[in-house]
1. Could you line up Ile507, Ile189, Ile567 from fewest to most neighbouring Cβ atoms inside 10 Å?
2. Provide the per-residue ³J(HN,Hα) series for the range 113-122, in order, calculated from phi with Karplus coefficients 6.51, -1.76, 1.60 and θ = phi - 60°, each as a whole number of Hz, with x at glycine and proline positions.
3. Counting only residues 5 or more places away or on other chains, whose amide H sits under 5 Å from the amide H of Leu558 once H atoms are built in the peptide plane?
4. Convert each backbone phi in the range 564-575 into a coupling constant with the Karplus relation 6.51 cos²θ - 1.76 cosθ + 1.60 (shift: θ = phi - 60°), then list the ³J(HN,Hα) values in order as whole Hz, x for Gly and Pro.
5. Could you pull out every residue, at least 5 positions away or on a different chain, whose amide H is within less than 5 Å of the one on Arg64? Hs are placed 1.01 Å off N in the peptide plane, and Pro or chain starts have none.
6. If I take R0 = 51 Å and measure r between the Cβ atoms of Asn283 and Leu548 in this structure, what FRET efficiency does the formula 1/(1 + (r/R0)^6) give, to the nearest 0.05?
7. Could you pull out the pairs from Lys12/Lys269; Lys255/Lys530; Lys12/Lys99; Lys255/Lys328; Lys99/Lys255 whose alpha carbons sit more than 30 Å apart here?
8. Expressed in nm to one decimal, what extension gain is obtained for the pair Ala227 and Ala515 from 0.36 nm per residue of sequence separation less their Cα-Cα distance?
Amino acid sequence: METIFGNLQGLKSSQLKQLQRLYHQRIPGDRITTPEFSQRLAAISTEINQPVSAYLNRRGQVFRVGVGTPRQTQIPPLELPRYGAERLSGIRCISTNLKPEPPNESALTAMVMQRLDALVVLNITGTGFTRRGGGSTGYVKEAYLAHLVSNTKQLVSTEQSAIGTQNSEIFSSVSPPMSLDMLAEQDFIELVENLEAEFQREFVAQEVDAENDRVLIVGVVTDHVTAQQFQDTLIELARLVDTAGGEVLQTLQQKRSRIHPQTVVGEGKVQEIALTAQTLGANLVVFDRDLSPAQVRNLERQIGVRVVDRTEVILDIFAQRAQSRAGKLQVELAQLGYMMPRLSGRGLAMSRLGGGIGTRGPGETKLETERRAIQRRISRLQQEVNQLQAHRSRLRQRRQHQEVPSVALVGYTNAGKSTLLNALTNAEVYTADQLFATLDPTTRRLVLSHGETGETQEILLTDTVGFIHELPNSLMDAFRATLEEVTEADALLHLVDLSHPAWLSHIRSVREILAQMPVTPGLALVVFNKIDQVDSETLALAQEEFPLAVFISASQRLGLETLRQRITQLIQYVVDNR
């Protein structure tokens, strides 16, 4: 028996049968609808006193019938056929309307979200002919034909309208009211071919590197976060996406007193995200917070494109940046640790068929097989990380036995640590204006001289992985072998990018991460970098807040001699108090 969608409450069995018979209707392939089919929809709609929406494919077959408006009966994104930005979905909707008005914004939004070939709205009015067996029914007074318009096409008449989605607009064309005979004369094939030709030209004009994700960022601000902190988070997330190789198309925001447990944002915002992703051709939605597996499932089901969180973006960057075997090892461990609890959210193909006796061994499901394989891989990687940790520990013991002091460079990502290491030691570490440009720790020898005595002292200077606000726990755990370079160092140079608007917040974030480490790090000297890129007011504020700090520009080699002297004093203090 064919399924009727929408609100069926209060419908009689005879009315349901009338709706089900619509599935047996067929429209000629070159027609949008016929007067007979439209009047039949109107008769049923009047009898049940509710709108009725019928969805047809390009062969003219009815494959979905719903009680309600186009918005109330729309097809879920994951059930829609796959189509590119240059194509329509191959589906048209014919819907009745009990009010004498053109298609409203809600109906047009549903058309855009489903990328329909066309939307026909039939306005029903008055009482028409008498049905056999008694009772009267309505008739179609007028019809409206709506369809999408290419974003690059200008509005040329008052019949065309724009639906706003904050910073973007999608254009739809709505015809003047017409009779059913006029509607039936419309050449459906010509309409669709012309529309898809427009979208094809637009797609070719806007096509970018196929390897780049087209990203929509979604930010949610709650009461305990200030407006400035929220904006800083979104700017940083956009930079993370850019570093990962994505193109940010737009950022959507919502303020909520608390996070929605199922979808993070509210139902209306989810619809807006889906509409904006459809309009802009986004293939990835990135949220500014960690998402649970259930939230990812719910969002992807409603939006229709892949959804990831901030942690997954960071993990992707780490996977691209890792060069050494140790770095790749730690990144893989972090990724697998992140993936394990999310296996159950990977669709029906990965779901368990049962549990307990009889479901394991040769007959276990694909999900359980993959879970076990990942768990074994995690165990092996954990052993290798432990070996790496032991190896680094032996190297540190050897250095300590030789009584060579060590200093670790720490700081927020992109603060300029690698640039400073190169400037002080003539190292050739890769540098770039990117987040997490380098992951692998690099150690170089630095010779310092005591100004008074002229004696020289050799220390080891280590460049470490950059920190970031709310560094994911999976990365903290996986990179503990690398982070031990920080905890075992005799002293730290805490490098701060003074040119960044959120430099104070960066200092707090780094200190919070250092405080979470199992071993308390050594003394830290705050070093403000990129002073050549800041104004005098910012410089004066930093000097007032941190009077003992050193101010430099590593790229311009400004203040490096002062820094050497302060490092010498710091090391001397550490050595005297061992």
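1. Sorted ascending by nearby Cβ count, the order is Ile189, Ile507, Ile567.
2. Here the 3J(HN,Hα) series is 4, 8, 6, 5, 4, 6, 10, 10, 10, 9 Hz.
3. Hits under the 5 Å cutoff: Ser553.
4. 4, 5, 5, 5, 4, 5, 5, 5, 4, 5, 5, 5
5. For Arg64, whose amide H was placed from the backbone, the distant partners under 5 Å are Tyr55.
6. Computed FRET efficiency for Asn283 and Leu548 comes out at 0.55.
7. Listed pairs above 30 Å: Lys12/Lys269; Lys255/Lys530; Lys255/Lys328; Lys99/Lys255.
8. Extending this stretch completely gives an extra 101.1 nm.
Here, each number is a calculation from the coordinates, and none is a lab measurement. Note that this is a predicted model, so its numbers are computed, not measured. Heads up, the Cβs are rebuilt from the backbone with ideal geometry, glycines too, and the neighbour counts pull from every protein chain shown.
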